[in-house]
Amino acid sequence: MNRVVITGYGIYSCIGKNIDAVKESLYHGKSGIVLDALRKEFGYRSGLTGYLEPPYLKELLDRRSRLMLPEQGEYAYLATLEALKNANLDQDYIDKHDVGILYGNDSSAKPIIDAIDIIREKKNTMFAGSGSVFQSLNSTVTMNLATIFRLKGVNFTLSAACASGSHAIGLGYHFIKTGLQDCIVCGGAQETNIYSMGNFDALSAFSIREDEPTKASRPFDRDRDGLVPSGGGATVILESLESALKRGAPIYGEVIGYGFSSNGGHISNPTVDGPVKAIHMSLKDANVQANEIDYINAHATSTPVGDASEAQALHTVFGDTNAHISSTKSMTGHECWMAGASEIIYSLIMMRDGFVAPNINFENPDEYSAKLNIADKKIDKKIDVFLSNSFGFGGTNSALVVKKYKD
């Protein structure tokens, strides 16, 4: 079996438009959450969201390419540009090798609504435009990036709710581990437009702490009242160790374990057993014991039931081990289809620079989180091995184990 390493990473997030900016936010516990007046005007119960500056791509892409990209595709494109640069992968290399792409994405709301509105008004489908269908499909990110970067390897989209980005990395790991590919662009993307989360808001799952936006996302805190939606794009370059060493690539970490499971129960209510199974599977695959995990980036979205279930699952697996735990969603909000990929990047930054980012707004534990070693402030710590959890609607669970690369 091949060893699988991370040779590049890039991000476009509400806490920073690149790796350096994100590092500063993580280190200082800076939130990217705002109150969006447009959401309130549109009819949202909660107007809270992660804020992302709209990308400017005119000098980077031709008009045809820009017409094909939906919002989340723009974020993914910029994240991938940064990741390829960090990996020292230029277009000449990509043209000569079968580089693939596996990306998590589970909606593309705005292009669909825009097209239907035009068709209804004009009574003519031709007015929707030739780029509309390519923005609308769930596979929009992979089809666009594969075309822009001329990728010739594996090419498909992972659609698994809030575990999409994590499963994309997990499958990429297996494709390379088993020798089917040498290099794959993996990641996750999430749109943030006003259409994208309306039906989610209808579940009353969002925080309504609108008077203090930066304090609204409170994973594991007793007084949490719901999640804050967010989004962006996150890309990691996975590569076989042999390929990475052959081309002298930088190595930022090594993926050593992937676990997955399905709760097999209610479509939205979480369980304890499902996440426990995925975490155990990831540790077994990584051949590490629970006490060897230095840091856990929890899924914890700041919902009352979800956080409680994960806290119980983490205590079941890790007991009284010393792994520090934090949910970076306290700063970013829930980046949904992107989260499983972005949280690998957040954790890689912490491993590189030797710190645990704080679980901000964690002021009062509940009966379950009180049993965990949650970092309520930034902690300087050497991280050799970390775990990242991602769970989604439908009971899909993913757990990834990454370690610092050693010869």
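Just so you know, all these numbers are worked out from the coordinates, no wet-lab data involved. From a predicted model like this one, the values you see are computed outputs, not experimental measurements. FYI the Cβ positions are ideal-geometry reconstructions off the backbone, even for glycines, and counts take in every protein chain you see.
Values as computed for the structure displayed
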item	result
Share, in percent, of DSSP beta bridges within the chain that are antiparallel, nearest 5	70
Residues with amide H under 5 Å from that of residue 48, placed H, sequence gap 5 or more	36
Set of aspartates and glutamates with alpha-carbon distance to residue 371 below 15 Å, sequence-local pairs under 8 removed	221, 307, 310, 320, 363
Which of 197, 75, 99, positive extreme of dipole for segment 4-246 (C-beta unit charges)	197
3J(HN,Hα) from dihedral phi, segment 266-274, Karplus parametrisation 6.51/-1.76/1.60, rounded to Hz, x for glycine, proline	5, 5, 10, 6, x, 10, 8, 5, x
Amide H contacts under 5 Å for residue 100, placed H, 5+ residues apart	153, 154, 183, 184, 185
Integer Hz, Karplus 6.51/-1.76/1.60 couplings in order for segment 6-13, x for Gly and Pro	9, 10, x, 8, x, 8, 9, 9
Neighbour-count ranking [beta-carbon atoms within 10 angstrom, fewest first] of 391, 260	260, 391
Over the chain: helical MRE at 222 nm, DSSP H runs n ≥ 4 each giving -39500 (n - 2.57), nearest 500	-10000 deg cm²/dmol
Calculated over segment 103-262: convex hull of Cα atoms, volume per residue (Å³)	173
Taking segment 258-396 and dividing mean pair separation by its residue count, relative contact order in percent (alpha carbons under 8 Å, at least six apart)	34
Surface/4 estimate of mean projected area, convex hull on alpha-carbon atoms of segment 296-367, nm²	5.1
Computed magnitude of the charge dipole of segment 278-407 (debye, nearest 20; Cβ of K, R +1, Cβ of D, E -1)	320
Dipole magnitude (debye, nearest 20) for the chain, charges at Cβ of Lys, Arg, Asp, Glu	620
Reachable lysines from residue 378, criterion Cα separation under 30 angstrom, eight or more residues apart if same chain	17, 23, 30, 85, 215, 277, 284, 329, 403, 404, 406
Dipole-positive endmost among 42, 226, 155 within the chain (Cβ charges, Cα centre)	155
Neighbour-count ranking [beta-carbon atoms within 10 angstrom, fewest first] of 133, 236	133, 236
Two-site label geometry, residue 92 and residue 267: point separation in nm, points 7 Å out along Cα→Cβ	5.3
Segment 57-121: GluC sites (Glu not before Pro) in DSSP loop, at most 13 other beta carbons within 10 Å	59
